[in-house]
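Okay, structure first, notes after.
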Amino acid sequence: MGVEGIGASVARKEDKRFLTGKGRYTDDMSVPGMKYAFFVRSPYAHAKIKSIDMSAAKDMPGVIGILEGKQLQADAIGNIICGWMIHSRDGSPMKMGAWRPLAHETVRYVGDAVAIVVADSLGEARDAAEAVVVEYDVLPAVTEAVKALEAGQPQLHPEAPNNLIFDWQLGDGDAADKAIAEAAHVTEMTIRNNRLAPNPMEPRATLGIYDSAEDHYTCYTTSQNPHVARLVMSAFYNVAPENKLRVIAPDVGGGFGSKIYIYPEEIVCLWASKKTGVPVKWTCDRTEAFLTDAHGRDHVSTVKMAFDKDNRITGLKVDTIANLGAYMSLFSSAVPTYLYATLLSGQYAIPAIHANVRTVYTNTVPVDAYRGAGRPEATYLLERTIETAARELGVSPAELRRKNFIRTFPYQTPVIMTYDAGDYEASLEAAMAASDWNGFAARKAEAARRGMKRGIGMSCYIEACGIAPSAAVGSLGAGVGLWESAEVRVNAVGTIEVMTGSHSHGQGHETTFAQLIADRFGIPIDNVNIVHGDTDKVQMGMGTYGSRSGAVGMSAVVKALDKVEAKAKKIAAHLMEADESDIVIENGELKVAGTDKVLPWFQVALAAYTAHNLPPGMEPGLKEGAFYDPSNFTFPAGCYICEVEIDPETGTTEIVQFVAADDFGNIINPMIVEGQVHGGIAQGIGQALLENVHYDPQNGQLITASYMDYAMPRADDLPSFKLSHQNTPCPSNPLGIKGCGEAGAIGSPPALINAITDAIGNNNLTMPATPQKVWSAINAVN
Amino acid sequence: MAKVKMTVNGRQVGAECEDRTLLVHFLRENLALTGTHVGCDTTQCGACVVHMDGRSVKSCTILAAQAAGSTILTIEGLASGGEMHPVQAAFKANHGLQCGFCTPGMVMTAVDMIRRHGANLDEATVRAELDGNICRCTGYHNIVKSILAAAAEMGGVQQAAE
């Protein structure tokens, strides 16, 4: 490892622009003639549109154009799609209701877009939008998935009777039933996974620019995957053919999943730019973000976990109802199925598993992947259940987990996944040592003397990352492949540009990807530029989500580097009259091993481009591309321990320590990996203690639509975290990387709730564990 | 419309703007200083923090007209001569930022916090003082570390000068 190579905590190359106000986010973009958009949105959760009257609004100051859904449909702009086909257990395909970018017949959630106003200033656009008169015939609304399935409830889409999208299963139901019937002990629970709003700090924004001379569109947008946005807008939404559409995702201020999807606003602003003849910029305000960004989680499950007389888990049966909101978002069908039920084995050898998942339409904003996406739901369900089982069985939660750990690899679970490598005991032991688990009883006693209730809880998580082997996901219904691409372009002076299909929106790729080159060739990272986020500059790529940029994106870079290295060595061998196999690259030089013959890197690059003296038949240039398609998922795993102290007078929870022990395989930049874990844990603590999206169940109004009402984790809600890493390198990719982006959000919620329920002696507690709920739970058992 | 004049990052500036224009929009739209960000509508997130006459303020909650005649420092004006301010340098050294969106507000808040507390800052104070700045990426761990490191360094410099 060099000072900038693999394994070094290199400070980030991209930081200076963010720290000096020179970041370039979508809302910072400005082009000549640019105008501002504001969307007219439904104030009702469910209604028929009777009429839209724009006459007063059209004459308002500054108004350039007002456009509605009928015009969009007349121009053949397509409906928004879900890209992952799921079949119900009866073989029927999922029931996809129409999602129009601008509704013109029915609105199905508060915030559903109805019209776009384009004006000289944002203020004028907003004023005119208020003057657009939409007459609605208000219909009854339903916001909760369990209720939406019941008879007599409002029906959202004619395609989906009883609001049921699909009724899907995975695993062997008979085997799970048999295990439960024959069990020495069965732990049964009902588990709610609360609905969350992702809340990247940069609100979504888009700038649509139509060039009539070239019949060409440019879309600046807050996207985690600009190429996927271009593909979908071209192939399904009929905005423009791919060669006529450039999508640029410049600096993007966080995503957490919510910026994967192609929303109505990107489509409508591009279309509106052509209709009005001006570039159109739209920037979401925060309340609009709460109303319209895809939400996460929102599951209700029942679970039965069966044990034999030796406390070994013999079976697991799960029944889940998942709320997908008013329409099916891009990957919404995959989240509560293949990203959820496939992880229900956790870290444990469970011979029989069965999951039944029903997904449901409600009058709420669509629900899709949010940091962890299905895996937090699986982990919370399992880790709450096994913790509860340990209490019921009267055994240590650590020992019960230890007894059931998978210990030999590869391990085939009953729910599709083949775990390739892991050492769950190592993380458990590291976390227990770091938290001084054995000293807890004394700390609890000391807290009790102060009148405080102290509790400790753990969680052993596993997730599937490195998303994903294309053929495998294709066989499960995915509409796309999930490979990644890279091109390594060595300039004639030896500096390097790397074009990657991964997209960085906080992950630090401009540094970590450059470290791969520094490691390989000994070139300073300042001589390496990472280019991403622009479909004109970068070859087709699949973007960043599912902790895939290291395991998949970097692997593509490695493959391209292999080709560059091979060609550079051939050139160097030719120039130094040596055998290619004797060439080594070190510290920016190509050397003939065992001799003093040496060529600096830049001379080899220059030779490739002057082409005066290349090996016979070799093409000039030094530029190579690669596509990498993973052969398996990767399986990060770890153990989190949380210790809390609760004031029984107020129900307030203080996290007194939080320990994370993670196995991410090999690590490129430990500082950045730790940052990812910190952020993930904070979001997990947010889910467990603070955050909850609440719709009024009577009328479907979003109650938590601002930071005054939705409790974001703040600095004084959180402790500092104690981290450690274990390492079983991933065998399926060249760098041995597993991925680290989502672990914190996956592993932390059950650790926290296990700790709180341990402290208060009442297991009946739902997330978020607000002081009011905790206080009530304490008093319910007193 | 009114002409609003103020001093921003050491320069006298003036521009015509609507009466309802907020300071943050004046900075971003009229002066093209896009380093100051808007992350919410309710004065909660602090992405828009700038200094007005030496004190940190949320520029989303002040009309441009209210700032007329004042001296404003934004994130763009903090570094001097290409050299980052010690707080900026500390954020880089301690990985106190990820996506960078909340960062300008965090840094401007931190500079003001250190001005008021000096080297006496401790973790609990930093966390309490950050109540008005939301970050979704870092879990605050490295932001707190960055601010404490900057405070120690800046306090040290002050002591050395005395």
Selection count, segment A:369-403, where residues are touching a strand residue (DSSP E or B) at 6+ places or on another chain (Cβ under 7 Å), under 18 Å from residue A:424 (Cβ atoms) and surrounded by fewer than 20 Cβ atoms within 10 Å (Cβ to Cβ): 1
Those residues of segment A:498-521 which are of a type in the set (Gly, Ala, Ser) and in contact with a His (Cβ under 7 Å, 6 or more places away or on another chain), in sequence order: A:501, A:502, A:504
Residues of segment A:484-497 satisfying the condition of being within 20 Å of residue A:226 (Cβ to Cβ) and free of Cβ contacts under 8 Å to residues at least 60 places away in the same chain: A:497
Criterion (in contact with a helix residue (DSSP H, G or I) (Cβ under 6 Å, 6 or more places away or on another chain), outside any strand (DSSP E or B) and in contact (Cβ under 8 Å) with a residue 60 or more places away in the chain) met by exactly one of A:247, A:228, A:278, A:239: A:239
Near pairs, Cβ below 7 angstrom, 6+ apart or cross-chain, from segment A:746-775 (assigned by TED's automatic domain parsing to the domain that holds residue A:371) to any residue that is outside any helix (DSSP H, G or I): none
Check on residue A:457, surrounded by fewer than 20 Cβ atoms within 10 Å (Cβ to Cβ) and farther than 30 Å from residue A:567 by Cα: no
Selection status of residue A:469, in contact with a Pro (Cβ under 6 Å, 6 or more places away or on another chain) and surrounded by fewer than 24 Cβ atoms within 10 Å (Cβ to Cβ): yes
Matching residues in segment A:416-429 - criterion: being over 21 Å from residue A:733 (Cβ atoms) and crowded, with 22+ Cβ neighbours inside 10 Å: A:428
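Here's the yes/no breakdown for (1) under 30 Å from residue A:187 (Cβ atoms); (2) more than 17 Å from the chain's Cα centre (by Cα); (3) part of a strand (DSSP E or B); (4) more than 14 Å from chain B (Cβ to nearest Cβ):
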{"position": "A:265", "(1), (2), (3), (4)": "no, yes, no, yes"}
{"position": "A:274", "(1), (2), (3), (4)": "no, yes, no, yes"}
{"position": "A:288", "(1), (2), (3), (4)": "no, yes, no, no"}
{"position": "A:306", "(1), (2), (3), (4)": "yes, yes, yes, yes"}
{"position": "A:314", "(1), (2), (3), (4)": "yes, yes, yes, yes"}
{"position": "A:324", "(1), (2), (3), (4)": "yes, no, yes, yes"}
{"position": "A:331", "(1), (2), (3), (4)": "no, no, no, yes"}
{"position": "A:336", "(1), (2), (3), (4)": "yes, no, no, yes"}
Checklist (1) part of a strand (DSSP E or B); (2) among the hydroxyl-bearing types (Ser, Thr, Tyr); (3) within 14 Å of chain B (Cβ to nearest Cβ) applied to residue A:187, failing item: (3)
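Check segment A:661-684 and report whether any residue there is aromatic (Phe, Trp, Tyr), closer than 15 Å to residue A:737 by Cα and over 16 Å from the mean Cα position of the chain (by Cα).
First, the residues of segment A:661-684 that are aromatic (Phe, Trp, Tyr): A:664.
Next, only the ones that are closer than 15 Å to residue A:737 by Cα stay: A:664.
Then drop every residue that is not over 16 Å from the mean Cα position of the chain (by Cα), which leaves A:664.
Yes, some residue in segment A:661-684 is aromatic (Phe, Trp, Tyr), closer than 15 Å to residue A:737 by Cα and over 16 Å from the mean Cα position of the chain (by Cα).
Restricting attention to helices (runs of 4 or more DSSP H) lying wholly within segment A:1-100, give those where 3 or more residues are over 28 Å from the mean Cα position of the chain (by Cα).
Result: A:55-58, A:69-74.
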Pairs with Cβ under 6 Å, 6+ apart, first in segment A:12-27 and more than 8 Å from chain B (Cβ to nearest Cβ), second assigned to a helix (DSSP H, G or I) and at pLDDT 95 or above: A:13/A:510; A:13/A:511
Condition met for residue A:234 (assigned by TED's automatic domain parsing to the domain that holds residue A:114, small (Gly, Ala, Ser) and part of a loop (DSSP other than H, G, I, E, B)): no
Segment B:42-75, residues that are surrounded by 19 or more Cβ atoms within 10 Å (Cβ to Cβ), in contact with a Ser or Thr (Cβ under 7 Å, 6 or more places away or on another chain) and outside any strand (DSSP E or B): B:46, B:48, B:59, B:60, B:64, B:74, B:75
Test for residue A:717: is it at negative phi, within 25 Å of the chain's Cα centre (by Cα) and acidic (Asp, Glu): yes
Matching residues in segment B:1-58 - criterion: being within 12 Å of chain A (Cβ to nearest Cβ), over 30 Å from residue A:704 (Cα atoms) and polar (S, T, N, Q): B:9, B:30
Selection from segment A:609-639 of residues that are buried (at least 22 other Cβ atoms within 10 Å of the Cβ), of a type in the set (S, T, N, Q) and over 19 Å from the mean Cα position of the chain (by Cα): none
Unique match (being within 11 Å of chain B (Cβ to nearest Cβ) and either farther than 23 Å from residue B:96 by Cα or surrounded by fewer than 16 Cβ atoms within 10 Å (Cβ to Cβ) (or both)) among A:732, A:706: A:706
Any chance residue B:149 is of a type in the set (Gly, Ala, Ser) and facing chain A (nearest Cβ under 7 Å): no
Answer from A:357, A:395 - the residue that is among the aliphatic types (A, V, I, L, M) and closer than 14 Å to residue A:322 by Cα: A:357
Considering residues of segment A:190-204 that are in a loop (DSSP other than H, G, I, E, B) and either more than 14 Å from chain B (Cβ to nearest Cβ) or free of Cβ contacts under 8 Å to residues at least 24 places away in the same chain (or both) only, the residue farthest from residue A:285 (Cα to Cα): A:194
Strands (runs of 3 or more DSSP E) completely within segment A:484-543 that count 3 or more residues being modelled with pLDDT of 95 or more and touching a Gly at 6+ places or on another chain (Cβ under 9 Å): A:484-490
Qualifying residues in segment B:118-134 (those that are more than 7 Å from chain A (Cβ to nearest Cβ) and not in a helix (DSSP H, G or I)) - the one surrounded by the fewest Cβ atoms within 10 Å (Cβ to Cβ): B:122
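Please go through segment A:266-316 and give me each residue that is within 30 Å of residue A:247 (Cα to Cα) and among the acidic types (Asp, Glu), ordered by number.
Those that are within 30 Å of residue A:247 (Cα to Cα) and among the acidic types (Asp, Glu): A:266, A:285, A:288, A:293.
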Qualifying residues in segment A:40-57 (those that are touching a helix residue (DSSP H, G or I) at 6+ places or on another chain (Cβ under 8 Å) and surrounded by fewer than 23 Cβ atoms within 10 Å (Cβ to Cβ)) - the one nearest to the other protein chains (Cβ to nearest Cβ): A:41
Number of the exception - residue B:74 against (1) farther than 20 Å from residue B:34 by Cβ; (2) among the β-branched types (Val, Ile, Thr); (3) within 12 Å of chain A (Cβ to nearest Cβ): (1)
Odd one out for residue A:644 among (1) among the aliphatic types (A, V, I, L, M); (2) within 26 Å of residue A:457 (Cα to Cα); (3) within 14 Å of chain B (Cβ to nearest Cβ); (4) out of contact with any Cys (no Cβ under 6 Å at 6 or more places or on another chain): (3)
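The values are calculated or read from the model by the stated rules, or taken from the named source; none is laboratory data. Computed from a predicted model, the values in this text were never measured in an experiment. A quick note on method: Cβ atoms are made from the backbone with ideal geometry, for glycine too, and the neighbour counts reach across all protein chains shown.
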